[in-house]
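Report on the following structure.
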Amino acid sequence: VQDLVARVLKGEVRAAARACRLVDDRGPGFRALLKEIYPNTRAAFWIGITGSPGAGKSTLVAAMVKHFRAAGKRVAVVAIDPSSPFSGGAILGDRVRMQQHFEDPEVFIRSLATRGALGGLSRSAVDVARVLSAWGAEVVLLETVGVGQDEFDVVFAAETSVVVLTPGMGDSVQAMKAGILECADVFALNKADLAGADRTAADLEQALALGGALNAWVPAIVRCVATQNQGIDALLAQIEQHRIWQLSSAVGRQARSERVKRNLLTHLRHEVVERALLQHAEFLSVLASAVEAGILDPYNASERLLATLLE
Ligand SMILES: Nc1nc2c(ncn2[C@@H]2O[C@H](COP(=O)(O)OP(=O)(O)OP(=O)(O)O)[C@@H](O)[C@H]2O)c(=O)[nH]1
Ligand SMILES: [Mg+2]
């Protein structure tokens, strides 16, 4: 692990790939590796990109990578693809969209598919992002389809989150506002070349006005045509403004520490569940049977499990 850490920190691509596999597989020494590299990961800026399937997230990510590369920055992309076990197509599609970047040694792209029984896709994504930050990525782009808990966890791991919308989503903006308005720092209204962009922007603005808290950050709506590289400058400018806001204003700093706390709790939850499942699988089954048989209630069962975990 020591040797691998040293090589990752030197910026070796192959070492980074190996370290990504190690943390993804929870292989021997992965925790030690993560602890070792952590101090060297804090300079990287993480941007979350979320939105419905087909909204143009990957196209947008590819366009953003192009801009960061033009500015000489080293970039990593971590794409979570919960649908791939069924379709297998999205990652393939991403390969096409990202093709121009696959041969660039300063760009590291990694796609993660749904995890098995342990869940923990978000955890894998965050750990992989951490490795790539240590490798020297100055910007990490985390792409997720914004649906489940896992995806929300990833979105909150990012310092700034972009929610990608498309024209014609007018009605659904209302429906999804509870979840998505909360986690958006910037809205990218992509496919602005299609009809209905004005209507979607107006609906969104209205929803934002209703939910907007005084003094808090108000997310901008940036129109983009990712396929034509349009609006990317403006999008990146908004992302930068949000980054600065988090560092320089009192409310921003408070939002930032809330986020750190939330991420710590997410991590704790993963640790507890993983340990319960891996180290106390039998006890867990015994307790579940007892609850099923009516011998034990779930409250006492959880307390016993927790006590065992803490031993
Ligand atoms: N007209 C138009 N089409 C776009 C634009 N951006 C992306 N597309 C197209 O939309 C389709 C989906 O794009 P992707 O980038 O794969 O979308 P995604 O959100 O990453 O999709 P998933 O990862 O499968 O959820 C592709 O055919 C793109 O070419 C745009 O600005 N305008
Ligand atoms: Mg995609």
Worksheet item: Under a straight-distance cross-link criterion of Cα-Cα below 25 Å, which lysines are reachable from Lys57, leaving out those fewer than 8 residues away in the same chain?
Response: Lys66, Lys73, Lys177, Lys191
Worksheet item: Spin-label point model (7 Å from Cα, Cβ direction): what's the Ala307 to Asp233 distance in nm?
Response: 6.6
Worksheet item: How big is the convex hull of the Cα atoms of the range 206-311, per residue, in Å³?
Response: 225
Worksheet, complete the sentence: Long-range amide H partners of Gln230, meaning residues 5 or more apart or on another chain whose placed amide H is closer than 5 Å, are Val225
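Bear in mind these aren't lab numbers, they're just calculated from the coordinates by the rules spelled out. Everything numeric in this text was worked out from a predicted model, so none of it was measured. Neighbour counts are summed over all protein chains in view; Cβ atoms, including those assigned to glycine, are modelled from backbone coordinates with ideal geometry.
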